[in-house]
1. Of all residues in the range 181-203, how many are farther than 29 Å from Ser308 by Cβ and either surrounded by fewer than 17 Cβ atoms within 10 Å (Cβ to Cβ) or modelled with pLDDT of 95 or more (or both)?
2. In the range 132-171, what residues are assigned to a loop (DSSP other than H, G, I, E, B), closer than 19 Å to Ser308 by Cβ and charged (D, E, K, R)?
3. Just wondering, is there one or more residues in the range 75-84 that are β-branched (Val, Ile, Thr) and in a helix (DSSP H, G or I)?
4. Given the options Leu58, Leu110, name the one that is of a type outside the set (S, T, N, Q), at pLDDT below 95 and at negative phi.
5. Can you tell me which condition Glu106 does not meet? The list is (1) part of a loop (DSSP other than H, G, I, E, B); (2) in contact with a helix residue (DSSP H, G or I) (Cβ under 6 Å, 6 or more places away or on another chain); (3) under 27 Å from Leu319 (Cβ atoms), and all the others hold.
6. Return the residue satisfying two criteria in turn: it lies in the range 235-276 and is out of contact with any Lys or Arg (no Cβ under 8 Å at 6 or more places or on another chain), more than 16 Å from Met202 (Cα to Cα) and in a loop (DSSP other than H, G, I, E, B), and of such residues it is modelled with the highest pLDDT.
7. Taking the stated definitions as given, is His284 assigned to a strand (DSSP E or B) and within 23 Å of Lys171 (Cβ to Cβ)?
8. Out of Thr62, Thr32, which single residue is hydroxyl-bearing (Ser, Thr, Tyr) and surrounded by 13 or more Cβ atoms within 10 Å (Cβ to Cβ)?
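The values are calculated or read from the model by the stated rules, or taken from the named source; none is laboratory data. Every value quoted in this text rests on a predicted model; they were computed, and no experiment measured them. We place every Cβ from the backbone using ideal geometry, glycine too, and count neighbours over all the protein chains shown.
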Amino acid sequence: MKKSDRKKIAIFSTEASLYFAELVAARLGIPTVGRVERKIFGGGERYYRLSIDDRAELFGRTAIFVGSTNTDEDFHELYRVGCALAGYGTARRIFLIPFMGYSTMERAVLPGEIVTAKANIRILSSIPNTGLGNAFFHFDLHVGGLVHYYEGDCLRFELYGGDLLVGALEKIRFNDFMFASADLGRPLWVKYFAERFKVPDMAFVHKTRRGEETEVDLVIGDVDGKNVIIYDDMSRSFKTLIDAANAYLSKGARSVSAVLSHLAPNSDEVIKKIIASPLKWVVHTNSHPMSRNPLVANMDKFIGADISGLYANAIRPLLS
């Protein structure tokens, strides 16, 4: 990218996703990430201000905003700053959303349930589409159809991390291994990894839900003597994943590891639970801010794959 093109680009982020914005900026040759000033007033109202010195500073520029929406606070900030970027005259707004919160609430199962994923995406669709418009880039969505919840004229695109996760798994050099799921879900992803590594066997777990509790009823597939690698797109409490690991071990698996598109533990306590669990390796990406937690960074069990290059390469054609 030419230096003259870089000057036409402004990049901002939520506080939690600053690490990812800095990685993308470095790959694009953008020297600094713009600052967003934030305050919380006594009544709980939030104040934001972009770090610009002149009201016309953003006229005609492409703005990149990086923000995983893993909290309501960050979701609302993405929307509010997005509206401001349009109002301050940017030519195009590119939103990088490595982790999409509420993506598991993509349909109603019980009467009266709110499809929050759709409601949130409709909100993002309402960001003013001025100039060259808005572009939204997601990564390994819980349900691929979520991009079709966007309304109006905007670019919506899902990036896939399969190649990067395969590369991270190859560094471990597993022997006599197979791929599996934590339940009956994700069969296509399990098949994808099995085919990439040319291993014929796969395994699944059948569970019964009783209220908020789930119990493993059946392991489908022969895992005896195998190093089992469970794929899941995301894990937050890790209960399902650890229960599946124990189920596979009870059927004779030699070891159980996990490969995740999104490492999204709810708290430090969950990370400690993962560390103490029978999972031998946890391969993941840096899509979620919790992937930067010191408990993750300082533990050899966790092996991360950087997806910032995937994002930089995807948006580069929009920047020239």
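1. Step one: list which residues in the range 181-203 are farther than 29 Å from Ser308 by Cβ, which gives 183-184, 187, 198-203.
Next, from what is left, pick out any that are either surrounded by fewer than 17 Cβ atoms within 10 Å (Cβ to Cβ) or modelled with pLDDT of 95 or more (or both): 184, 187, 198-203.
Residues that pass the stated criteria total 8.
2. Keep residues of the range 132-171 that are assigned to a loop (DSSP other than H, G, I, E, B), which gives 132, 140-143, 150-154, 160-161, 171.
Going one step further and asking which of them are closer than 19 Å to Ser308 by Cβ, we end up with 140-141, 160-161, 171.
Matches in the range 132-171: Asp140, Lys171.
3. Let us first name the residues in the range 75-84 that are β-branched (Val, Ile, Thr), namely 81.
Now narrow it down to the ones that are in a helix (DSSP H, G or I): 81.
Checked the range 75-84: at least one residue is β-branched (Val, Ile, Thr) and in a helix (DSSP H, G or I).
4. Details: Leu58 fails: at pLDDT below 95.
Going through Leu58, Leu110 in turn, the sole match is Leu110.
5. (3)
6. Only one residue tops the list, namely Ser267.
7. On the way: assigned to a strand (DSSP E or B): yes; within 23 Å of Lys171 (Cβ to Cβ): yes.
For His284, the condition - assigned to a strand (DSSP E or B) and within 23 Å of Lys171 (Cβ to Cβ) - is met.
8. Working: Thr32 fails: surrounded by 13 or more Cβ atoms within 10 Å (Cβ to Cβ).
Checking each option against the conditions leaves just Thr62.
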